Amino acid sequence: MTDARIDLLIKNGLVLTFSPDALTGAIIPGGGVAIAGDAIVAVGDGAELAKKYAPAKTIDAAGKIVMPGFIVTHSHMPYVLGHNMPVDFSQLRDFWDMLQKMGWEWLEDITTQEGVYAATRYAAVKMLKSGTTTVCELVEGPNALPGVLLASARAMEETGIRAQLGYEVTERVPGEHILKSASPANAARGLEENIAFFQRYPKGGGRIEGRLGLHTAFTNSRATMEKARQVADQYGVGIQTHIAEIPRAFVVEKHGMSAPRILEETGVLGPDVIAAHCIDLTDEDVEILARNKVNIAHTPMTNSFGGNGVARVPYMMEKGLNITLGHDDFFTLDISEYLRYTFLLHKAHNANAGLLPVFQVLDMALGNAARALGLEKQIGSLAAGKKADILIINPDSPTPVAPCSVLSFFDMTFQGRQVETVIVDGRIVVEKGRSTQVDEDETRLACQEQARLLWRKAGAMI
Ligand SMILES: [Zn+2]
């Protein structure tokens, strides 16, 4: 034993490094990870590491999987307040109705800072417990300005999750139809909210940092899009936006060109952009995104729910686009469901079982996502020098979980509740499947209370 003191040693696990990716990353039976402070010191044979290091704490991961934490690149955590809301679904005839009523009128436009805080706290705990250690969050809530980003960040900090967050810049006027009115002043308020946050949480300053939010090309003018790019560059943060969730024709009608085209013309697009959805795109639109090296946040469940169609993920991958996974928080917060849904959807949609093997889907929520966030040197794989964002999974499987089978485990059998221990920045934030940071019962009850208040305002029965 040397005197190489470390804080934590995980040993005896089936270690999956995912470094550099799921296909070529090492799979180490009897493996270990040595952690000092917030960083990984070494990854390798567990017995060797045990000889070399003197840990303050050891976790025996025999029979368990040790891997990097998952990363979700598109999220609206306050949407959990709308889960199961007893609304009259007969009013929702198409996606516009869903957006106008369910997304805005019944949810975003009446959300308060207290609601955002309670919902974000609840969602962050649920995401951590099911294996998501980093989230890119886009906060919406015109009546919770100013300061709503600080409320969101406070919840993130308390739970221990890693996050990039920003406020959605939009010229939309709450209560009015998006086709009939627009307010550059509303966009300016949104920009102010982002700027105030970037000043408080500067890029590279820690576990929580900014990423400017731009709602869509459809809800903003050229001038606002240009301004958004200027602000993102000034503070060195990337941009998160929605592209082509709605039919392409609507954007062409407003701007005389497609969303990718106007976003390119206004300078918004670039390798620091994460674009959610990307459904109704022509080959030329995809080419525009590819030449600007835009990152895609694929959100298959909300796209299915809204009847929006299926993004051409295999085609976009062929064109070299970096595909990641987002989820909008509309359904479960368990990453395993998004992995599996993505794994299956494109095979069914294209009648081709050869599409999207499991390693490609895992990369979407690991290395690809880390790259999209500009955090590829910090997270997304297990390697010396990276942040210690680590999962220990106790797999419940009818068959052996071994080096030859462990990747298939993730599309066949994995469920978030099998995640036992979650480490972020070297700190154990979930232990034995429970949050070590917040009282889970209190967190859930506080969220339910805020949901009750919001549902009353929305006129939903309660
Ligand atoms: Zn979204």
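The values are calculated or read from the model by the stated rules, or taken from the named source; none is laboratory data. All of these numbers come straight from a predicted model, not from anything done at the bench. Methodologically, a virtual Cβ is constructed for each residue, glycine included, from the backbone with ideal geometry; neighbour enumeration extends over all protein chains shown. Side chains included, ligands, DNA and RNA excluded: accessible areas come from the protein's heavy atoms. Shrake-Rupley method; radii C 1.70, N 1.55, O 1.52, S 1.80 Å.
In the range 184-208, how many are assigned to a helix (DSSP H, G or I) and either of a type in the set (Lys, Arg) or open to solvent by 60 Å² or more (accessible area, probe 1.4 Å) (or both)? Steps first, please.
Just the residues of the range 184-208 that are assigned to a helix (DSSP H, G or I), to begin with: 184-200.
Subset that is either of a type in the set (Lys, Arg) or open to solvent by 60 Å² or more (accessible area, probe 1.4 Å) (or both): 184-185, 189, 192, 199-200.
Residues meeting the conditions: 6.
Rundown of residues vs (1) within 16 Å of the ligand (Cβ to nearest atom); (2) part of a loop (DSSP other than H, G, I, E, B); (3) crowded, with 20+ Cβ neighbours inside 10 Å, yes/no style:
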| position | (1), (2), (3) |
| --- | --- |
| Ile262 | no, no, yes |
| Pro271 | no, yes, no |
| Asp280 | yes, yes, yes |
| Ile296 | yes, no, yes |
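Identify, please: which residue in the range 163-189 is touching a Gly at 6+ places or on another chain (Cβ under 8 Å) and of a type outside the set (A, V, I, L, M, F, W, C) and is, among those, farthest from Phe70 (Cα to Cα)? Before the answer, list the steps.
Within the range 163-189, the subset touching a Gly at 6+ places or on another chain (Cβ under 8 Å) is 164-170.
If we keep only those that are of a type outside the set (A, V, I, L, M, F, W, C) too, we end up with 164, 166-168, 170.
Working: Gln164: 14, Gly166: 20, Tyr167: 23, Glu168: 24, Thr170: 29 Å.
Per the criteria, the residue is Thr170.
Report whether or not Ile243 is closer than 23 Å to Val72 by Cα, modelled with pLDDT of 95 or more and open to solvent by 10 Å² or more (accessible area, probe 1.4 Å).
On the way: closer than 23 Å to Val72 by Cα: yes; modelled with pLDDT of 95 or more: yes; open to solvent by 10 Å² or more (accessible area, probe 1.4 Å): no.
So Ile243 does not fit the description; no.
Per-residue answers, yes or no, for (1) within 16 Å of the ligand (Cβ to nearest atom); (2) outside the structural domain of Arg154 (by TED's automatic domain parsing); (3) modelled with pLDDT under 95:
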residue	(1), (2), (3)
Arg200	no, no, no
Phe218	yes, no, yes
Lys227	no, no, no
Gly238	yes, no, no
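How about the range 96-116: which of its residues are at pLDDT below 95 and either within 13 Å of the ligand (Cβ to nearest atom) or of a type in the set (A, V, I, L, M) (or both)?
Met98, Leu99, Met102, Gly103, Trp104, Leu107, Glu108, Ile110
Can you tell me which of Ala62, Ala47, Ala34, Ala22 is assigned to a strand (DSSP E or B) and either farther than 23 Å from Lys432 by Cα or not β-branched (Val, Ile, Thr) (or both)? Show your work before the answer.
Working: Ala62 fails: assigned to a strand (DSSP E or B); Ala47 fails: assigned to a strand (DSSP E or B); Ala22 fails: assigned to a strand (DSSP E or B).
Step by step, each of Ala62, Ala47, Ala34, Ala22 is checked, and only Ala34 is assigned to a strand (DSSP E or B) and either farther than 23 Å from Lys432 by Cα or not β-branched (Val, Ile, Thr) (or both).
Of the residues that sit in the range 60-78 and are more than 20 Å from Arg162 (Cβ to Cβ) and either out of contact with any Ser or Thr (no Cβ under 9 Å at 6 or more places or on another chain) or open to solvent by 20 Å² or more (accessible area, probe 1.4 Å) (or both), which one is nearest to the ligand (Cβ to nearest atom)?
First, the residues of the range 60-78 that are more than 20 Å from Arg162 (Cβ to Cβ): 60-65.
Those still in the list that are either out of contact with any Ser or Thr (no Cβ under 9 Å at 6 or more places or on another chain) or open to solvent by 20 Å² or more (accessible area, probe 1.4 Å) (or both) too: 60, 62-65.
Values: Asp60: 41, Ala62: 41, Gly63: 38, Lys64: 34, Ile65: 30 Å.
This residue is Ile65.
Could we say that Leu23 is open to solvent by 60 Å² or more (accessible area, probe 1.4 Å) and either at pLDDT 95 or above or within 24 Å of the chain's Cα centre (by Cα) (or both) here?
Numbers: open to solvent by 60 Å² or more (accessible area, probe 1.4 Å): yes; either at pLDDT 95 or above or within 24 Å of the chain's Cα centre (by Cα) (or both): yes.
Yes, satisfied.
Look at the range 164-183 and say how many of its residues are in contact (Cβ under 8 Å) with a residue 24 or more places away in the chain and either of a type in the set (Lys, Arg) or open to solvent by less than 30 Å² (accessible area, probe 1.4 Å) (or both).
In the first step, residues of the range 164-183 are kept if they are in contact (Cβ under 8 Å) with a residue 24 or more places away in the chain; the result is 164-172, 174-175, 177-178, 182.
Okay, now just the ones that are also either of a type in the set (Lys, Arg) or open to solvent by less than 30 Å² (accessible area, probe 1.4 Å) (or both), so 164-172, 178.
Selection size over the range 164-183: 10.
Name every residue in the range 54-82 that is more than 18 Å from the chain's Cα centre (by Cα) and more than 30 Å from Gly44 (Cα to Cα), in order of residue number.
Gly82
Which condition number does Gly380 fail, the rest of (1) in contact with a helix residue (DSSP H, G or I) (Cβ under 7 Å, 6 or more places away or on another chain); (2) open to solvent by 30 Å² or more (accessible area, probe 1.4 Å); (3) within 24 Å of Gly236 (Cβ to Cβ) being met?
(2) is the only condition that Gly380 fails.
If you check Lys57 against the conditions, is it more than 16 Å from the ligand (Cβ to nearest atom), touching a helix residue (DSSP H, G or I) at 6+ places or on another chain (Cβ under 8 Å) and either in the same structural domain as Gly210 (by TED's automatic domain parsing) or open to solvent by 20 Å² or more (accessible area, probe 1.4 Å) (or both)?
Values: more than 16 Å from the ligand (Cβ to nearest atom): yes; touching a helix residue (DSSP H, G or I) at 6+ places or on another chain (Cβ under 8 Å): no; either in the same structural domain as Gly210 (by TED's automatic domain parsing) or open to solvent by 20 Å² or more (accessible area, probe 1.4 Å) (or both): yes.
No: the conditions fail for Lys57.
Got a sec? Which of Asp328, Asp334, Asp283 is among the acidic types (Asp, Glu) and farther than 30 Å from Ala124 by Cβ?
On the way: Asp328 fails: farther than 30 Å from Ala124 by Cβ; Asp334 fails: farther than 30 Å from Ala124 by Cβ.
Result: Asp283 is the single residue among Asp328, Asp334, Asp283 that is among the acidic types (Asp, Glu) and farther than 30 Å from Ala124 by Cβ.
Which ones in the range 117-163 are within 16 Å of the ligand (Cβ to nearest atom), surrounded by fewer than 24 Cβ atoms within 10 Å (Cβ to Cβ) and not acidic (Asp, Glu)?
Pro142 - this is the single residue of the range 117-163 that is within 16 Å of the ligand (Cβ to nearest atom), surrounded by fewer than 24 Cβ atoms within 10 Å (Cβ to Cβ) and not acidic (Asp, Glu).
Just to be sure before I move on: is Arg371 of a type outside the set (S, T, N, Q) and surrounded by fewer than 17 Cβ atoms within 10 Å (Cβ to Cβ) in the structure I sent? Spell out how you get there, then give the answer.
Numbers: of a type outside the set (S, T, N, Q): yes; surrounded by fewer than 17 Cβ atoms within 10 Å (Cβ to Cβ): no.
Here the answer is no, as Arg371 does not meet what is asked.
Pull up the range 309-324, narrow it to residues that are touching a helix residue (DSSP H, G or I) at 6+ places or on another chain (Cβ under 6 Å) and either at pLDDT below 95 or open to solvent by 40 Å² or more (accessible area, probe 1.4 Å) (or both), then point me to the one that is nearest to Gly238 (Cα to Cα).
Per the stated criteria, the residue is Gly320.
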